[in-house]
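Bear in mind these aren't lab numbers, they're just calculated from the coordinates by the rules spelled out. Note that this is a predicted model, so its numbers are computed, not measured. Every residue, glycine among them, receives a Cβ derived from its backbone with ideal geometry; neighbour counts consider all protein chains shown.
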Amino acid sequence: MAGISPHNPDFGGVPNFWLLYLKSDGITATEASVQGRGGKVLVPPRHLAPYGHMGTFLDAGGAAFGVLQPQEHQGFGVDWAHGAPAWHEPYSKDYPAAAAFYAKVFGRDTQVRSDSPDSG
C-alpha cells in the first residue's frame, strides 16, 4: 500500500513524500522493534477505522516508511502479476544499517543486485 496526504506542519517539518506501507500483524510490537533497532517514530500508530492501524517511522538509516496492520483495507492484494507493484527502494543514508534494520524488524533478507556498485 502507498499513500499521499496534504502537508501537516505538526509533523515537525517533515516534507510531503510518497510513502510505502509495510504490513504488520501487530503494529504495537513493530513500533517497539523499530525503536529498539535504531529507528524512530514519526507518527505513532493510530486506528483509522475501518482500514486498520497505521504508523509512520524512520529506519536506522533515516528513510521514511509506513506500517499498516490491516483490517478492511488489505493493501495491494496482487503479487507477481503484470502491472502489480514489484520494486520498492528505500533511500537510506546508511545502507548496512537499513539492511540489518529491515531484516530484524520485518524478518526479511536483503540482496544487492549483481550490477550494483555495492556488489563488490
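Would you mind working out the magnitude of the charge dipole of region 18-120 relative to its Cα centre, with +1 at each Lys and Arg C-beta and -1 at each Asp and Glu C-beta, to the nearest 20 Debye?
260
How much length is gained if the chain between Lys40 and His88 is pulled fully straight, taking 0.36 nm per residue apart and subtracting their Cα-Cα distance, in nm to one decimal? Kindly include the intermediate steps, with their values, before the conclusion.
Details: separation 48, 0.36 × 48 = 17.28 nm, distance 2.02 nm.
Length gained, Lys40 through His88: 15.3 nm.
For the residue pair Leu19 and Gln111, what label-to-label distance in nm results when each label sits 7 Å from Cα along the Cα-to-beta-carbon direction?
Rounded to a tenth, the inter-label distance reads 3.0 nm.
Which one of Pro50, Gly77, Leu19 has its Cα pushed farthest toward the positive end of the charge dipole of region 19-78, where Lys and Arg give +1 and Asp and Glu give -1 at the Cβ?
The one lying farthest along the dipole's positive direction is Leu19.
Short version: what are the Cα gyration tensor semi-axes of region 48-120, square root of 5 times each eigenvalue, largest first, in whole Å?
Numbers: eigenvalues 135, 63, 19 Å².
Its equivalent ellipsoid spans semi-axes of 26, 18, 10 Å.
How high is the relative contact order of region 15-81, in percent, with contacts defined as C-alpha pairs under 8 Å that are six or more residues apart? If you can, show how the numbers build up before the last one.
Working: 114 pairs, mean separation 21.9, N = 67.
Reported as a whole number, the value is 33 percent.
Give me the aspartates and glutamates in straight-line cross-link reach of Lys40: C-alpha distance below 16 Å, same-chain residues under 8 apart excluded.
Filter leaves Glu31, Asp59, Asp94.
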